[in-house]
Amino acid sequence: MAELLELRGITKRFPGVLANDQVNLTFRKGTIHALVGENGAGKSTLMNIIYGLYHPDEGEILMNGEPVTFHNPTAAIAHGIGMVHQHFMLVPAFTVYENIILAAEPRRGFMHAFLDRKKAIKQVEELATRNGFKIDPNARVRTLPVGTQQRIEILKTLYRGAEILILDEPTAVLTPQETKELFVILRGLVDAGKTIIFITHKLEEVMEISDHVSVMRHGRVTMDKPTKETSIREMAQTMVGREVFLEMKKKPVDPGEVQLSVKNLWVADDRAVLAVRGISFEIRGGEILGVAGVAGNGQSELVEAIAGLRHTEQGKVKVAGQDVTNATPFAIRQTGLAHIPEDRYKRGVAGGASAEENAIMFFHNTSPISKGVQIDYVAAAAHAEEIMEKFDVRPRQRMTKAGQFSGGNAQKLIAGREISLNKPVLIASQPTRGLDIGAIEFLHSQIVAARDAGHAVLLVSTELDEVMSLSDRIIVLNEGKLIGEVSGQAADRETLGLMMAGVRPTSGAQVSAE
């Protein structure tokens with residue numbers, strides 16, 4: 001296969017950080033090349049160099065054997081390189097076709113002064129059909145599910161003539177069904193001669209979809225070979241630098257008093273449509289209750305209602321024995337709740353505040369960080385450094401603004417803060433989204449440790465393996481209703497998958513009443 005893109009000796013430094021260290025990689029035409037590594041391994045920096053967002057301090061980029069320099073993304077796009085970021089760059093109020101043609105609109109009239117809407121819509125429809133996408137060009141982006149929005153991002157790059165597509169964590173927010181659909185699309189693009197650079201933490205997906213895999217660690221390439229010549233275990237060990245235990249071992253459950261109680265809860269979504277319908281459950285101290293379900297079946301609204309972020313239409317929520325229904329988030333936290341939210345940037349961190357300031361949130365009014373009306377900044381610094389060290393937040397710079405951390409490192413900062421609160425109830429909503437395998441293993445161990453210390457844990461995840469591995473009991477939601485409950489030990493993928501699709505179990509599970 002022809003060498004389409006080659007990196008030679010790429011090095012990039014930031015203050016106190018060597019992000020890329022003499023990286024040599026070759027990407028071949030018509031292949032899916034997976035790039036994996038721990039959070040902070042240098043993957044995103046390298047891709048930003050290819051896309052013209054950063055400039056290398058050393059080394060060169062070659063396309064089709066000729067040296068090229070990308071001073072900005074416009075130059076990279078002109079050379080046929082497109083990038084779909086993990087956090088989409090769409091305008092929610094615009095239609096599908098308006099987002100796709102933005103800044104590259106077909107024009108008409110005198111001096112091309114007017115947008116040619118008919119031509120634009122026709123071009124988008126033809127592009128979508130040619131590449132196997134099913135979309136409505138006139139739909140408003142804000143009304144579309146995440147998987148469809150991602151396809152719009154891919155179409156944007158294809159509309160601009162991309163031959164190389166860089167996909168940054170493309171499945172991080174997708175359901176299993178959406179992931180399968182994406183893989184079909186990617187294979188179709190490769191069959192048409194496109195080249196895909198696939199950045200991911202999910203090693204099972206690497207084995208399933210990629211032709212070639214490169215592993216990065218501490219800014220260097222530590223593995224570079226055809227995917228068929230490696231294994232999940234070898235990739236994991238190369239990423240982390242040690243053996244990784246892919247299955248979580250737990251002590252037998254020893255439940256205590258009820259710490260979280262939800263009774264007949266009804267919650268509406270942003271459209272005033274009921275998203276949670278009559279759900280009831282209890283979690284005792286010393287157990288993990290997993291919530292399984294395809295994304296968009298009421299999980300987000302359930303968690304937000306418990307945490308005080310969304311109004312409850314009907315029902316009761318009790319934390320540590322106290323009724324907190326429709327109380328403020330601050331009051332509920334004071335009662336005994338810690339919360340790792342699913343949206344790390346919207347709910348988890350204040351992007352403009354430093355890592356230290358984010359680390360001491362909810363600790364700032366307690367000893368030893370609080371001294372009356374003042375903050376002990378020595379204690380605050382020590383607390384932040386302890387969390388960043390324990391949870392491996394990179395770069396280990398406490399004054400860096402939280403919004404400048406990669407998604408995975410922001411997630412680790414949030415998880416470290418919330419687990420360190422040591423509250424009776426811990427809600428972990430999509431806790432490992434965007435984390436590498438080593439960080440997932442560690443965070444899983446911390447969630448189990450919280451359970452073993454007597455805390456009640458509500459685990460909400462679209463990763464079925466995660467729910468099955470950690471949970472003592474599992475409830476399944478479909479269309480806002482509780483379909484049934486199974487024990488963690490008795491759970492199997494087939495039964496849970498059917499329940500997630502709305503099929504109520506016939507045996508081996510407790511079934512909720514309508």
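The values are calculated or read from the model by the stated rules, or taken from the named source; none is laboratory data. As the structure is a prediction and not an experimental result, all values here were calculated from the model. Neighbour counts run over all protein chains shown; Cβ positions are idealised from the backbone, glycine included. Ligands, DNA and RNA are stripped out before the accessible areas are found, and what is left, the full protein with its side chains, is counted by its heavy atoms. Shrake-Rupley method; radii C 1.70, N 1.55, O 1.52, S 1.80 Å.
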Next on the checklist: Is it the case, given these coordinates, that residue 358 is more than 28 Å from residue 283 (Cα to Cα) and in contact with a Leu (Cβ under 7 Å, 6 or more places away or on another chain)?
Outcome noted: yes
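For region 108-129, what are the residues that are at pLDDT below 90 and open to solvent by 60 Å² or more (accessible area, probe 1.4 Å)? Don't jump to the end; show me each part of the working.
In the first step, residues of region 108-129 are kept if they are at pLDDT below 90; the result is 108-115.
Passing the criteria: 108, 110, 111, 112, 114.
Within region 311-324, take every residue that is under 20 Å from residue 457 (Cα atoms) and in contact with a helix residue (DSSP H, G or I) (Cβ under 8 Å, 6 or more places away or on another chain) and give me the one that is surrounded by the fewest Cβ atoms within 10 Å (Cβ to Cβ).
First, pick out the residues of region 311-324 that are under 20 Å from residue 457 (Cα atoms): 316-324.
From what is left, the residues that are in contact with a helix residue (DSSP H, G or I) (Cβ under 8 Å, 6 or more places away or on another chain) are 317, 319-320, 322, 324.
On the way: 317: 23, 319: 26, 320: 19, 322: 13, 324: 23.
That would be 322.
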Checklist entry - Hey, does region 116-128 have a residue that's touching a residue at least 60 places away in the same chain (Cβ under 8 Å), touching a Phe, Trp or Tyr at 6+ places or on another chain (Cβ under 9 Å) and not acidic (Asp, Glu)? => result no
Checklist entry - Within the set of pairs 6 or more residues apart or between chains, which connect a residue that is farther than 18 Å from residue 447 by Cα inside region 339-361 to a residue that is of a type in the set (Asp, Glu) with Cβ atoms less than 8 Å apart? => result 350/357
Item to check | Selection count where residues are open to solvent by 10 Å² or more (accessible area, probe 1.4 Å) and closer than 18 Å to residue 325 by Cβ, scope region 270-299 | outcome: 7
Checklist entry - Quick one: which of 212, 201 is at pLDDT 95 or above, crowded, with 18+ Cβ neighbours inside 10 Å and of a type outside the set (S, T, N, Q)? => result 212
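If you go through region 77-95 one residue at a time, how many are touching a strand residue (DSSP E or B) at 6+ places or on another chain (Cβ under 8 Å), open to solvent by less than 80 Å² (accessible area, probe 1.4 Å) and not aromatic (Phe, Trp, Tyr)? Give the steps one after another, and end with the answer.
Within region 77-95, the subset touching a strand residue (DSSP E or B) at 6+ places or on another chain (Cβ under 8 Å) is 79-86, 92-95.
Restricting the remaining residues to those that are open to solvent by less than 80 Å² (accessible area, probe 1.4 Å) gives 80-86, 92-95.
Those left that are additionally not aromatic (Phe, Trp, Tyr): 80-86, 92-93, 95.
Qualifying residue count, region 77-95: 10.
Among what's in region 421-450 and is out of contact with any Gly (no Cβ under 6 Å at 6 or more places or on another chain) and among the charged types (D, E, K, R), pick the residue that is surrounded by the fewest Cβ atoms within 10 Å (Cβ to Cβ). Reasoning before the result, please.
Of the residues in region 421-450, the ones out of contact with any Gly (no Cβ under 6 Å at 6 or more places or on another chain) are 421-422, 426-433, 436-450.
Retained after the next criterion (residues that are among the charged types (D, E, K, R)): 433, 436, 441.
Numbers: 433: 22, 436: 26, 441: 18.
Going through the qualifying residues, I end up with 441.
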Next on the checklist: So in region 222-242, with the set limited to residues that are assigned to a helix (DSSP H, G or I), of a type in the set (S, T, N, Q) and in contact with a strand residue (DSSP E or B) (Cβ under 7 Å, 6 or more places away or on another chain), which one is least open to solvent (accessible area, probe 1.4 Å)?
Outcome noted: 227
Next on the checklist: Just to be sure I understand the filter: pairs with C-beta atoms under 7 Å, separated by 6 or more residues or on different chains, first member in region 73-91 and closer than 29 Å to residue 143 by Cα, second member open to solvent by 50 Å² or more (accessible area, probe 1.4 Å). Which pairs pass?
Outcome noted: 73/53; 77/160; 82/160
